[in-house]
Structure formats: structure tokens, C-alpha cells
Amino acid sequence: MTQILEKPASSEDVTLTERAVKRIAHLLGEDDHKGTMFRVAVDGGGCSGFQYSFTFDDQKTTEDRAIERDGAVVLIDDISWEYLRGSQLDYVEELIGARFEISNPNAASTCGCGTSFSI
């Protein structure tokens with residue numbers, strides 16, 4: 001069994017919490033998503049300058065880094081990786097809803113909803 005790190009092993013790693021791994025593996029295990037991967041990206045925009053994007057992708061390019069843990073495959077392109085170094089991807093369930101959440105030590109500030117940030 002793969003050990004899930006709750007904190008980055010080094011300042012360069014992007015890690016996944018056990019909750020994120022379970023949720024991604026569940027989503028990728030659904031019939032509609034067989035053979036796909038979970039993509040995390042940083043895009044320009046949002047109320048703070050950059051925003052996180054979570055999508056499904058069935059293509060891995062040469063510019064992608066892959067994180068694989070217990071059936072969860074996460075792709076991050078090289079440019080996004082620079083903004084996400086040392087970050088942790090989590091899945092949070094609260095009374096107001098459930099969402100993927102990124103704890104990013106590179107972000108100088110974030111918006112109230114947590115989906116956009118500035119450097």
C-alpha cells in the first residue's frame with residue numbers, strides 16, 4: 001500500500017491527502033471516467049489574479065507531471081507546477097458542500113472562496 005503524505009516531503013513536492021486520493025480514485029473509477037486522469041492547473045483570472053482549475057483529461061503530455069497514489073492519477077503541467085510547488089491537495093466535505101482545496105505556501109493571498117490566489 002502506498003503511504004499518503006499529509007505534508008510535503010520537500011518544498012518541491014505536491015502532495016495529496018488521503019481524502020483527496022480516495023475522492024479522485026472514486027471519481028476516476030466511475031464508468032464515465034475509465035482511462036482518464038484528474039488534472040490540476042493554475043490559470044490566469046479569478047478575483048485574486050490566478051485560479052485553480054480541476055478537470056478530467058485522457059491525455060498525458062510531455063509537459064505533465066503525474067502523481068499516482070492508490071488508483072488516483074493527478075496531472076499537473078510544468079507551468080502550473082511552478083505555482084503549486086510545496087502545495088497539498090485535499091478534499092473537504094462541509095455542511096455547505098464538498099470541494100477540492102489547495103493549501104499553497106506560494107500564495108501571498110487568497111480569495112474568500114479559496115479558488116483564486118495571488119503571488
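Figures for the structure shown
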{"quantity": "Single condition residue 61 does not satisfy, out of (1) touching a strand residue (DSSP E or B) at 6+ places or on another chain (Cβ under 8 Å); (2) within 14 Å of residue 17 (Cβ to Cβ); (3) at pLDDT 90 or above", "calculated": "(2)"}
{"quantity": "All positions within the range 24-50 that are modelled with pLDDT of 85 or more and touching an Asp or Glu at 6+ places or on another chain (Cβ under 7 Å)", "calculated": "25, 36, 37, 39, 41"}
{"quantity": "Cross-chain or 6+ apart pairs with Cβ under 8 Å, the range 88-106 first and in a loop (DSSP other than H, G, I, E, B), then aliphatic (A, V, I, L, M) and at pLDDT 85 or above", "calculated": "104/84; 106/84"}
{"quantity": "Matching residues, the range 1-18, being farther than 17 Å from residue 98 by Cα, at pLDDT 85 or above and not hydrophobic (A, V, I, L, M, F, W, C)", "calculated": "13, 15"}
{"quantity": "When residues of the range 57-84 are limited to those that are over 11 Å from the mean Cα position of the chain (by Cα) and among the β-branched types (Val, Ile, Thr), the one surrounded by the fewest Cβ atoms within 10 Å (Cβ to Cβ)", "calculated": "62"}
{"quantity": "Among the candidates 92, 21, residue that is modelled with pLDDT of 95 or more and surrounded by 12 or more Cβ atoms within 10 Å (Cβ to Cβ)", "calculated": "21"}
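The values are calculated or read from the model by the stated rules, or taken from the named source; none is laboratory data. This is a predicted model, so every value here is computed, not measured. With ideal geometry, Cβ positions are generated from the backbone for all residues, glycine too; neighbour counts draw on all protein chains shown.
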